């Protein structure tokens, strides 16, 4: 017998979009590393030694596309890239950190 929810609301599009990003392996760990101070690619690699460089690069790109991290190129010799959480990313990071307390 099927039970129908009479007062269920549709899941908001932003929640569905965020869930698609977060379900990928290493995504939540990458967000946690960023919220813990990792800003440069090699710092993420130190925080997440088991992740391959290709996967890490993919996750950072996906998080940037989702508006969770932003990427900045810093001029120098040589120039380098830093990543930081956006406002949305900081909200997601709080939810990820809360999982540690669960």
With a ≥ b ≥ c from the Cα gyration tensor eigenvalues, square-rooted, and the rule rounded for a/c under 1.5, otherwise prolate when a/b > b/c and oblate otherwise, the range 36-96 is oblate
Those residues of the range 17-41 whose amide nitrogen sits under 12 Å from the label point placed on residue 62, 7 Å along Cα→Cβ: 18-31
Between (1) 60, 22, 19; (2) 53, 27, 22; (3) 66, 25, 24, the structure-derived Cα extents along the principal axes in Å is (3)
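How much length, in nm to one decimal, is gained on full extension between residue 72 and residue 94, taken as 0.36 nm per residue of separation minus their Cα-Cα distance?
Numbers: separation 22, 0.36 × 22 = 7.92 nm, distance 2.25 nm.
This chain segment gains 5.7 nm when fully extended.
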Restricting to Cα pairs under 8 Å and 6 or more apart, the percent relative contact order of the chain works out to 26
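Each reported figure results from applying straightforward, stated rules to the coordinates on display, with no laboratory input. These numbers come from a predicted model, not from an experiment. Here the Cβ is made from the backbone with ideal geometry for all residues, glycine too, and neighbour counts use every protein chain on show.
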